[in-house]
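Accompanying notes for the structure given below.
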Amino acid sequence: MRFKSQQHKSTFKKAIRKKDKTDTRLMAAMYLLTADQILWNKVKGNIRESRIDYDEVRLDTVSENCYTLYSASKDMYFNTDHVSLSDIFDTKLISEKMYNVIITAINIRRLGLEKAEAIEYAI
């Protein structure tokens, strides 16, 4: 499974420790939210046992990457389309690392965490 960094991997593993790992919506969203430490610090207080309270998250000023990760996590969680395919394919908007993170989240959402973990590649 792809991770943005070793810190991302560690934060994600710790964050999902007591969560339902079969909830693909939650796992994909958590994967994206833990990919950036600043974003994670802003949202982690709004993570409940089996849900994310997006309405209570206050992002204030965050980087474009943080906002993209946040929007993509909401898309995974609520089946919305704030981040479009054309956004994902735009190399000026989404770096290769961010692209890989989003694709991994899609794999988690579609295949489940266990199967996504079995897919190994390097960023």
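Selection of first residues in segment 102-117 that are over 12 Å from LYS21 (Cβ atoms) and of second residues that are basic (Lys, Arg), restricted to Cβ pairs under 8 Å at least 6 apart or on distinct chains, gives the following pairs, ordered by first then second residue: ILE103/ARG2; THR104/ARG2; ASN107/LYS115; ARG109/ARG25. Look at (1) touching a Ser or Thr at 6+ places or on another chain (Cβ under 8 Å); (2) at positive phi and you find that VAL83 fails only one, number (2). Taken as a whole, the condition of being farther than 25 Å from ILE119 by Cα, among the charged types (D, E, K, R), out of contact with any helix residue (DSSP H, G or I) (no Cβ under 7 Å at 6 or more places or on another chain) and at pLDDT 90 or above applies to ARG51. For beta carbons closer than 6 Å, sequence separation of 6+ or different chains, a first residue in segment 31-49 that is within 12 Å of TYR70 (Cβ to Cβ) and a second that is basic (Lys, Arg) and part of a loop (DSSP other than H, G, I, E, B), the qualifying pairs are ALA35/LYS4.
Among the candidates TYR99, TYR70, TYR77, single out the residue that is within 16 Å of ARG2 (Cα to Cα) and free of Cβ contacts under 8 Å to residues at least 60 places away in the same chain.
TYR99
The values are calculated or read from the model by the stated rules, or taken from the named source; none is laboratory data. Since the model is a prediction, treat every value here as computed from it, not as a measurement. Because the Cβ atoms are built from the backbone with ideal geometry, glycine has one as well, and the counts that use them run over all protein chains shown.
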